[in-house]
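Inspection log for the structure reproduced underneath, given as structure tokens.
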């Protein structure tokens, strides 16, 4: 029973990662910059200054959402028993979560070194972490492994295109979001799966013996 509770708590934390999409929609609706918000960096929504090109009245909410995403990712890892996803995969995902916290705590116009360091962790560790996480689960949980590999590959490919200045009609902001958001989609989907009612009162053997 205790193991099942931990799985549910971890699932709830990861499902809550979807909050980032709701908050961005709210912040984007209040955007007052001269350029369309989707043509700007995601970080511009957390910029605390307000000028002609960049003006995000909901910057506090956006920065809190960035940090919350990181905390929820790490909480989901810690809530379950260690093991699932492998040490390397879990560590890299946690570093990706730390990156989101750093981005939220260091808005681009206030602390660029902290912001950039966090962004590097988000782009690299977050996406590669999903891939490594998935590789460790190929034998014991093929569906979870396939989902992890797919979302990690999308994020990694989009990161390469974004850094190379290739946006394929999505614009700078669209490609950046395609690069950084897969981890939120990944976690929310896995969290939802863990919260779905099971056919029996106890988690399957693989869940009892291993957590996130």
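The values are calculated or read from the model by the stated rules, or taken from the named source; none is laboratory data. Computed from a predicted structure; not experimentally measured. Note that we place each Cβ from the backbone using ideal geometry, even for glycine, and neighbour counts take in every protein chain shown.
Looking at 46, 51, 106, which one is without any contact (Cβ under 8 Å) to a residue 24 or more places away in the chain, over 21 Å from residue 15 (Cβ atoms), out of contact with any strand residue (DSSP E or B) (no Cβ under 8 Å at 6 or more places or on another chain) and buried (at least 17 other Cβ atoms within 10 Å of the Cβ)?
Sole residue among the options that is without any contact (Cβ under 8 Å) to a residue 24 or more places away in the chain, over 21 Å from residue 15 (Cβ atoms), out of contact with any strand residue (DSSP E or B) (no Cβ under 8 Å at 6 or more places or on another chain) and buried (at least 17 other Cβ atoms within 10 Å of the Cβ): 106.
Can you give me the number of residues within the range 76-93 that are surrounded by fewer than 19 Cβ atoms within 10 Å (Cβ to Cβ) and part of a helix (DSSP H, G or I)?
So the count comes out to 5.
Restricting attention to the range 2-27, and to residues there that are without any contact (Cβ under 8 Å) to a residue 40 or more places away in the chain and out of contact with any helix residue (DSSP H, G or I) (no Cβ under 6 Å at 6 or more places or on another chain), which single residue is nearest to residue 189 (Cα to Cα)?
The qualifying residue nearest to residue 189 (Cα to Cα) is 22.
May I ask you to verify whether residue 3 is at pLDDT below 95, surrounded by fewer than 20 Cβ atoms within 10 Å (Cβ to Cβ) and within 24 Å of residue 145 (Cα to Cα)? Talk me through it step by step, then tell me what you get.
Values: at pLDDT below 95: yes; surrounded by fewer than 20 Cβ atoms within 10 Å (Cβ to Cβ): yes; within 24 Å of residue 145 (Cα to Cα): yes.
For residue 3, the condition - at pLDDT below 95, surrounded by fewer than 20 Cβ atoms within 10 Å (Cβ to Cβ) and within 24 Å of residue 145 (Cα to Cα) - is met.
Starting from residues that are without any contact (Cβ under 8 Å) to a residue 60 or more places away in the chain and assigned to a helix (DSSP H, G or I), keep the ones in the range 28-43 and report whichever is surrounded by the most Cβ atoms within 10 Å (Cβ to Cβ).
Among them, the one singled out is 28.
Name every residue in the range 115-167 that is touching a helix residue (DSSP H, G or I) at 6+ places or on another chain (Cβ under 7 Å) and on the phi > 0 side of the Ramachandran plot, in order of residue number.
Once the filter is applied, which keeps residues that are touching a helix residue (DSSP H, G or I) at 6+ places or on another chain (Cβ under 7 Å) and on the phi > 0 side of the Ramachandran plot, the range 115-167 yields nothing.
When you scan the range 100-187 for helices (runs of 4 or more DSSP H) that lie fully inside it, which ones turn up with 2 or more residues that are more than 24 Å from residue 85 (Cα to Cα) and at pLDDT 95 or above?
112-120, 142-163, 171-180
Give the range 7-27 a look and list any residue that's more than 25 Å from residue 42 (Cα to Cα) and buried (at least 20 other Cβ atoms within 10 Å of the Cβ), or say none.
Selection gives 7, 10, 11.
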